[in-house]
Amino acid sequence: MMESTIRTRDQDYRWDWDSTSLTVWRKSLIISCNGFTVINSHGDLAYRVDNYIVHPDELILMDGSGKSILTMHRRKKLGLGDGWLVFEGETSGCCSRKKLLKKPIWSVKKNINILQTNQNVLAYVFRGNTEKRHSYVIEGSYTQRSCKVVDETRRVVAEIKRKEAISGGVSFGVEVFVLVVQPWFDPGFAMALVLLLDQMFS
């Protein structure tokens, strides 16, 4: 397997040539909706999001055929942080009561840096509905489309970066960018993290 080494300030890490590269367009296929359109390296529609205004606390990530694969619900908790629960499939109504009707597979919490100790951390990712120990950390700047997802060993599993033209080095701005995902990390969940970062920092 061929690999390419990329040097960062924290460490050296390797991108496999088998990694998934997705072009993310911050625009829904439906004109009247806000959302995202995601294209794979073959030019095919990989994921889509149509975020209707009537559901501001719910996001549904669909595959290219329109099948719901992940649903994200904003936590109904008082506090400083912006938190979300991630469920498999479409789970409308699962969070409408005090007790969850379905168990989340992930939870994501925005980092609130009151003491400004680590401004580089954007959010923490936890397994299930617990916040005892995070599994992943998201670092960088989403507004600049320059951030990465690292695991507990500081291994980079996904990266968001600006998209540039093949020739001339022209940037597409922040509305079109690239999501690169390592083969051992779920690209669908990586795209879900993009959606939550957009909710937290846009």
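Annotations
- Between Glu164 and Asn129, residue separation times 0.36 nm minus the direct Cα-Cα distance comes to 8.8 nm.
- Taking a sphere under 10 Å around the Cβ of Ile138 and counting the other residues whose Cβ falls inside, with K and R at +1 and D and E at -1, yields a net charge of +1.
- Formal net charge of residues neighbouring Ile69 (Cβ-Cβ distance under 13 Å; K, R +1; D, E -1): -2
- Cross-link pairs exceeding 29 Å between alpha carbons, from the set Lys110/Lys163; Lys67/Lys161; Lys102/Lys163; Lys27/Lys67; Lys27/Lys76; Lys76/Lys163: Lys102/Lys163; Lys76/Lys163.
- Each Lys or Arg adds one and each Asp or Glu subtracts one; over the other residues with Cβ under 12 Å from the Cβ of Val86, this totals +3.
- Length added when fully stretched, Asn40-Lys103, from 0.36 nm per residue minus Cα-Cα: 19.7 nm
- FRET efficiency for Gln119 and Ser65, using Cβ-Cβ distance with R0 set to 45 Å, rounded to 0.05: 0.65
- 3J(HN,Hα) along segment 147-162, derived from phi through the Karplus expression 6.51 cos²θ - 1.76 cosθ + 1.60 where θ = phi - 60°, amounts to 8, 9, 10, 10, 8, 5, 9, 6, 7, 6, 10, 7, 9, 9, 8, 5 Hz, with x in place of Gly and Pro.
Each reported figure results from applying straightforward, stated rules to the coordinates on display, with no laboratory input. In this text, all values refer to a predicted model and were calculated from it rather than measured experimentally. Reconstructed Cβ throughout: ideal geometry from the backbone, glycine too, with neighbour counts over all protein chains shown.
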